[in-house]
Amino acid sequence: MDSMMEDMWGQTSLSAITLILYAAAEGFSISHLRTNKDSHGKTTSWLLLVGFLIHWFALYAGARAAHAVPYHDLPASMSFFSWVVIGSYGILLLKHREGSTGPFLIPIALLFLLISLFTQGGVQVLVKNPKLSGPLFAFHVTMALVGYAALTLSFVLAQLYLIQNAQLRRRKLGLLFSRLPALDVLSQLHRTSVTIGVSALSVAAVLGLIWAKINWGTYWDPKVLFTFLIIVVYLFTLFPRWIGWGGKKIAILSMTGFLFVLFSYTIVNLFISRGHTFR
């Protein structure tokens, strides 16, 4: 029990340090957007990297204390989700070298980690369920959360696209939005996020179907329906020629798809699905 308490206190302490690092990164990110100083942009990246690594150790400590995967309940899942959001944002930074969207994307990770910290319960040792363990199950859930995280970033990027588009139409840019990327760059960032999200969710869906057939004897679960619905909606944003849309309409469609993501991640898991519940 002493070892478990140490792990839980370690998780809480490391999570708190991570929160401070992410908050500091957000501050430097805002400063970088306002001043365009390269040093502030580099400091943001380093703070996020260090926070990302410490966050991993926090997740490991929590999983070790509970003898479970690091997303065994809703607070743990939200912390893991926060970690994946930062990882997804890191991919965007590496691919597009565009940090001006950071002030709008980093707060997502901050919010989920903050809620996770305030909703954590005491030490809870879970009885190991062979059906809810193993690499197939772990990879399925991990890829699902990666997909949700990437689509969450795409939601914010779609909002930025609409705001930037409206500002340009009025020919009246504010200080912050005058430093945002051009619309085509925002479209590329959005496309990368959606591509990551759809790819991860597709892999998660396939692995989930295999796992369900082995353990439940059936492929059916309400979660499956909503997952495929999400994938279809976002595929239309990746291939707009299918519906003859572009620009603003695609951004709106992407934001609509995110409503299904939220519904699937919360309502379906908590109240509708019997198999996809936080334990």
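The values are calculated or read from the model by the stated rules, or taken from the named source; none is laboratory data. All of these numbers come straight from a predicted model, not from anything done at the bench. Here the Cβ positions follow ideal geometry from the backbone for every residue, glycine too, while neighbour counts run over all protein chains shown.
Observations
- Out of Thr227, Thr237, Thr256, one residue alone is part of a helix (DSSP H, G or I) and either acidic (Asp, Glu) or more than 22 Å from Ile163 (Cβ to Cβ) (or both). It is Thr227.
- Among the residues of segment 15-39, those identified as over 22 Å from Gly62 (Cα atoms) and buried (at least 19 other Cβ atoms within 10 Å of the Cβ) are Ala25, Glu26, Phe28, Ser29, His32, Leu33.
- Any chance Val156 is closer than 30 Å to Leu59 by Cβ, in a helix (DSSP H, G or I) and among the aliphatic types (A, V, I, L, M): yes
- Residue match in segment 216-223 (condition: surrounded by 15 or more Cβ atoms within 10 Å (Cβ to Cβ), closer than 30 Å to Asn165 by Cβ and at pLDDT 80 or above): no
- Inter-residue pairs, beta-carbon under 6 Å, first touching a residue at least 40 places away in the same chain (Cβ under 8 Å) and in segment 221-246, second exposed (fewer than 14 other Cβ atoms within 10 Å of the Cβ) and not in a helix (DSSP H, G or I), 6+ apart: none
- Number of positions in segment 60-72 that are part of a loop (DSSP other than H, G, I, E, B) and over 16 Å from Val141 (Cβ atoms): 1
- Hits in segment 18-43 - residues which are in contact (Cβ under 8 Å) with a residue 40 or more places away in the chain and either in the same structural domain as Leu180 (by TED's automatic domain parsing) or over 15 Å from Val85 (Cβ atoms) (or both): Ile30, His32, Leu33, Arg34, Asn36, Gly41
- Considering the conditions (1) in a loop (DSSP other than H, G, I, E, B); (2) over 20 Å from Val194 (Cα atoms), Phe57 is excluded by exactly one of them, (1).
- Residue under evaluation Ser77, criteria (1) of a type in the set (Gly, Ala, Ser); (2) modelled with pLDDT under 95; (3) more than 17 Å from the chain's Cα centre (by Cα), criterion not met: (3)
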